[in-house]
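Q: To start, I am sharing the structure in question, which I have written as structure tokens.
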Amino acid sequence: MIANAGIAQVKALLDLTEDDVRRMFEVNVFGVFNCYSAAAKQMIKQGTGGKIIGAARFVSSLSSNSEMYLLTIEKYRGLQTLCHALSLLSI
């Protein structure tokens, strides 16, 4: 399973609303977590293990309107710490 989704709000930091930030977290963090979880449960159910691939864009330079996007991507990358737990299940 490949998880590759993300959104950004191209607004100045102080122009972002709580809803803008919440939406980025819902897609960039919770959306990826839900994909990982559903895929892992199915792979366990099938009994054959599997592979989960997470892809995230790495922004090489910080633009003036990307601060919150970068924060959500860092949290997404933190989800990769789940790899150890899933590796014990052959995933």
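Q: Say whether the condition of being surrounded by 12 or more Cβ atoms within 10 Å (Cβ to Cβ) and within 12 Å of Leu89 (Cα to Cα) is met by at least one residue in region 26-34.
A: no
Q: Is there any pair linking a residue in region 19-32 that is over 16 Å from Ile53 (Cα atoms) to one that is aromatic (Phe, Trp, Tyr), with Cβ under 9 Å and at least six apart or on different chains, and which?
A: So the pair list comes out as Met24/Tyr69.
Every number in this text was worked out from the coordinates using simple rules, so none of it is lab data. Predicted model only: the values in this text are computed from it and were never measured. Ideal geometry is used to build each Cβ from the backbone, glycine not excepted, and the neighbour counts take in all protein chains shown.
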